[in-house]
Amino acid sequence: MSEYLIKNGFVFDPVQGIKGDKADIAVKDGKIVKSSEISSKAKTIDAKGKSVMAGAVEIHAHIAGPKVNEGRNYRPEEKLFGYTPKKTGSRMAGGFSIPTTFKTGYEYARMGYTTAMEAAMPPLYARHVHEEIKDTPIIDEGAYPVFGNNWFVLEYLKNKEIENVAAYIAWLLTETKGYAVKIVNPGGTEAWGWGLNCISIHDPVPYFDVTPAQIVQGLLEANEYLGLPHSIHVHTNNLGNPGNYETTLDTFKLAEGYKAKNKFGREQVLHHTHVQFHSYGGDNWGNFESKSKEIMEYVNKHDNITIDLGQVTLDETTTMTADGPFEHHLTELNHLKWANVDVELETAAGIVPYIYSPNIKVCGIQWAIGLELALLAKDPMRTFITTDHPNAGPFTRYPRVMKWLMSEKARKDQIDAFKYSDKVVAATHLASLDRELTMYELAQMTRAGPAKALGLAHLYGGLKPGMDADIAIYDLNPEKPATPDEIEAAFSRARYVMKSGTPVVVDGEIVSHGNKRTLWVNAKVNENPQVVRDIKDKFLRYYSVNQANYKVANHFVPNPYIIEVDATQ
Amino acid sequence: METVTLTIKSQPVLFLEADNITPDVFAGKSAADIASLHAYEGRDQITLGKYFDVAGKAGATAADTKIVVKGDVSRVKYIGMKMSAGEILVEKSADMYVGGWMQGGKLTVKGNVDAFAGLGMQNGELIIEGNAGNYLGAAYRGDWRGMQAGVIRVKGNAGSDIGTFMNGGTIIVEGNVDVHVGTHAEGGKIIVKGNGKSKIGGQMVEGEIYVFGTIDVMMPGYKYIEDVDLEVDGVKGKFALYHGDLGERHPKRKGQIVYGKLYQKI
């Protein structure tokens, strides 16, 4: 296979602690190797005056599956003027907040992202998720099945049967070829089936009579019992409501006293996603304010949790979540079209378009809160950049988010452009934060950090020999200060991107569809006749499909990367 | 103001998608430049010169440009799409999407137009001297932003679903309309000088609809309020005012609930 030598670039690699030193990166057979291990035939890539990083890792985005596709179906207006025709080497691509699968792969790759995780896979529709993942070129992907409102989980936790929960998780991950345990509005989405919700973590779920706190803690224990590569991945109750930061802190506290138990180098036991939506003070939209300081004070002190931002990008977007009641709440607020789906026994979903307008005070405050979370983070290895694509904005806006984080001037310009800038400033802390993230910190928040939190630090997030050759080269020279717009432009179109040793982007254009892989976790547990019987019983009694037709067969996942976990001891 | 004249030479085999026929795109261009602008015939990209003789030249800006389209363009779509200023005169009939997403200027069609004329119109003046098709001044499929402002006047009849998701502006149809008028509207004014059929103002939140003639079936969500004397588009008369659609949510303004208003001439 091919050999490459990337010469003279400024390297930013948190895995090896390289902070912008000039270094050469050698690639052989899809892996990073020592420079001495390649032959003189290696192709040289000149990165002089440019920055070199590992390929970035997306920890939370909604990019594949029935919910995403329903968004595509019901927003034809979004695709009307945004198509780019087929070119040599790339297919037709379109859409903005809900791009086509091809556009998803192309846009991630162009920004230097080489791995992305689909954040909510309804198990019953796992086949659809994998079909879309298969159609998304270049990037490696995995998907998190949702567990937080699953009837098996609710019943086992009612009886505090952690081992049974673990056996069920192991079965479902294998069955759906899933990657991690996702929890969305624990209990609340099931309650939505009864027209109710769980607002605090102590509101019992109707019929099942367990609380969100018990669900989160039970799944956390089961996750560590199995020793999965990723921790539980939580979107807690009460999303998007003024005053919800207390629910968020209560959820964080559920992880106290737990230590990670796994062989992948992961240290957190709870990842909380899109924390921006969960850091709100006040008790109505009039006195709505930022509680990012309270949230980050807690996160900074507790190293067994990680978070991602859910940064608002001030665009017209499409919100979609398995938090069914929240989406209904949203459509009541903005009166735009609403789609709602129930997935039998397992979960639900809702979709509503949303316009984050710079002329609306609340949107400005939401925008500021996301940035504050990142700027108040003491450990960039535990706080990751996301937009909860497409909920707070499309992932294609990451370069803009990076610009805001790396430039106080860019933030000030945006604040000044708000219609109610005084009110936004008064309700937030952002104007008093002068921190500007460095390239090294950015590499921690987008590469090494998420890779480690996902238990994939051996593959992704760094440029150490032995790791996958996922490399991005940007037109940014750390010796020459860049303007905010230059930062955004550089991160929007990487000069050069390599995925597993294959050049996929050259001069910002797609040159190859790569050889994308699907990551999934094969967890082994001791034989558990009760769980086997319960599964069979549920399929006979309740599911509208036969158990034999539930499994995601191998041909749905033509190029798997299977992570083996053995919890039989 | 400079004038560009487009004369159709032969009828395309497939319908022509010619969204480049606007004063904005033509501005600053010579006849030869304009003839080399692209259009789509099915999946094939062709030049306007293939089907049109181009004479004259455009002004420096859209506002200084007038386009006269001669001949039968009833197989040409998107004439005047997104135009922001200037003038277009179509001497015969045109196909769909005439003046779609129009932002300003004046567009006149002497003949008929097919569906989606003035779709998502943001401003300007659209005059159709013949009949209009369905979805006049409506929103594009899936969109909640129909006509926002400006004026559409149809001297003949209009089809169904006119003013769907209309938010502002005025649509005047001097003849009759088919079913579904102002569905989901949240503003704007629709004046029908002829007869209406049924489903007028269904799910309308806000806005005004005037019908001079008959209404075959009144929506059950409308409630008679009072008779009022009005002058509507130069016509004085007594109108019965109905509030609706009562099945829909309605905003409150200054302590008053705002309803959609349907006026029928007595």
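Take the residues of region A:46-78 that are charged (D, E, K, R) and outside any strand (DSSP E or B): which is farthest from the other protein chains (Cβ to nearest Cβ)?
Filtering region A:46-78 for residues charged (D, E, K, R) gives A:46, A:48, A:50, A:58, A:67, A:70, A:72, A:75, A:77-78.
This time we only want the ones that are outside any strand (DSSP E or B), so: A:48, A:50, A:67, A:70, A:72, A:75, A:77-78.
Numbers: A:48: 40, A:50: 37, A:67: 17, A:70: 12, A:72: 11, A:75: 6, A:77: 4, A:78: 8 Å.
It comes out as A:48.
To keep it simple, each residue is scored yes or no on (1) away from chain A (no Cβ under 14 Å); (2) touching a Pro at 6+ places or on another chain (Cβ under 8 Å).
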site	(1), (2)
B:112	yes, no
B:133	yes, no
B:140	no, yes
B:156	yes, no
B:162	yes, no
B:167	no, no
B:181	yes, no
B:194	yes, no
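Residue under question is residue A:342, and the condition is that it be modelled with pLDDT under 95 and among the acidic types (Asp, Glu); does it hold?
yes
Pairs only if they're at least six apart or on different chains, beta carbon under 7 angstrom, first in region B:161-184 and basic (Lys, Arg), second in a strand (DSSP E or B) and modelled with pLDDT of 95 or more; list them, first residue then second.
Every condition considered, no pair remains.
Results for (1) among the small types (Gly, Ala, Ser); (2) out of contact with any Leu (no Cβ under 7 Å at 6 or more places or on another chain), shown as yes or no for each residue.
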| residue | (1), (2) |
| --- | --- |
| A:36 | yes, yes |
| A:41 | no, yes |
| A:49 | yes, yes |
| A:53 | no, yes |
| A:59 | no, no |
| A:63 | no, yes |
| A:75 | no, yes |
| A:79 | no, yes |
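Take region A:15-44 and flag every residue that is touching a Lys or Arg at 6+ places or on another chain (Cβ under 7 Å) and either assigned to a strand (DSSP E or B) or closer than 19 Å to residue A:114 by Cα (or both). Explain how you work it out, then say what you get.
Taking region A:15-44 first, the residues touching a Lys or Arg at 6+ places or on another chain (Cβ under 7 Å) are A:15-16, A:24, A:26, A:32, A:37-38, A:44.
Listed by number, the residues that qualify are A:15, A:24, A:26, A:32, A:44.
Within region A:84-93, work out how many residues are away from every other protein chain (no Cβ under 13 Å) and out of contact with any Lys or Arg (no Cβ under 6 Å at 6 or more places or on another chain). Before the answer, list the steps.
Within region A:84-93, the subset away from every other protein chain (no Cβ under 13 Å) is A:84, A:87-91, A:93.
Still in the list and also out of contact with any Lys or Arg (no Cβ under 6 Å at 6 or more places or on another chain): A:84, A:87-91.
Of the residues in region A:84-93, 6 are away from every other protein chain (no Cβ under 13 Å) and out of contact with any Lys or Arg (no Cβ under 6 Å at 6 or more places or on another chain).
Please state which one of A:81, A:96 is in contact with a helix residue (DSSP H, G or I) (Cβ under 8 Å, 6 or more places away or on another chain), over 30 Å from residue A:212 (Cα atoms) and within 14 Å of chain B (Cβ to nearest Cβ).
Numbers: A:81 fails: in contact with a helix residue (DSSP H, G or I) (Cβ under 8 Å, 6 or more places away or on another chain).
Step by step, each of A:81, A:96 is checked, and only A:96 is in contact with a helix residue (DSSP H, G or I) (Cβ under 8 Å, 6 or more places away or on another chain), over 30 Å from residue A:212 (Cα atoms) and within 14 Å of chain B (Cβ to nearest Cβ).
Would it be correct to say that residue A:327 is free of Cβ contacts under 8 Å to residues at least 40 places away in the same chain and not assigned by TED's automatic domain parsing to the domain that holds residue A:375?
Numbers: free of Cβ contacts under 8 Å to residues at least 40 places away in the same chain: yes; not assigned by TED's automatic domain parsing to the domain that holds residue A:375: yes.
Judged against the criteria, residue A:327 is a match.
Among the strands (runs of 3 or more DSSP E) contained in region A:219-323, which hold 3 or more residues that are more than 18 Å from the chain's Cα centre (by Cα) and hydrophobic (A, V, I, L, M, F, W, C)?
Details: elements: A:232-235, A:270-272, A:305-308, A:316-321.
Filter on region A:219-323 gives an empty set.
Quick test for you: out of A:77, A:58, pick the one residue that is touching a Phe, Trp or Tyr at 6+ places or on another chain (Cβ under 7 Å) and either closer than 22 Å to residue A:452 by Cα or buried (at least 24 other Cβ atoms within 10 Å of the Cβ) (or both).
Numbers: A:77 fails: either closer than 22 Å to residue A:452 by Cα or buried (at least 24 other Cβ atoms within 10 Å of the Cβ) (or both).
The match here is A:58.
Find all pairs meeting these conditions: Cβ atoms under 6 angstrom apart; at least six residues apart or on different chains; first residue within region A:333-346 and away from chain B (no Cβ under 11 Å); second residue small (Gly, Ala, Ser) and part of a strand (DSSP E or B).
A:340/A:350; A:341/A:349; A:342/A:348
Select from region A:462-498 the residues that are surrounded by fewer than 20 Cβ atoms within 10 Å (Cβ to Cβ) and in contact with a Pro (Cβ under 9 Å, 6 or more places away or on another chain) and list them in ascending order.
Across region A:462-498, the qualifying residues are A:489, A:493.
Suppose we filter A:243, A:188 for residues that are within 27 Å of residue A:389 (Cβ to Cβ), among the small types (Gly, Ala, Ser) and surrounded by fewer than 22 Cβ atoms within 10 Å (Cβ to Cβ); which single one remains?
On the way: A:188 fails: surrounded by fewer than 22 Cβ atoms within 10 Å (Cβ to Cβ).
Within the list A:243, A:188, the selection yields A:243.
The values are calculated or read from the model by the stated rules, or taken from the named source; none is laboratory data. This structure is a prediction, so every number in the text was calculated from the model and none was measured. So basically every Cβ, Gly included, is an ideal-geometry build from the backbone, and we count neighbours across all protein chains shown.
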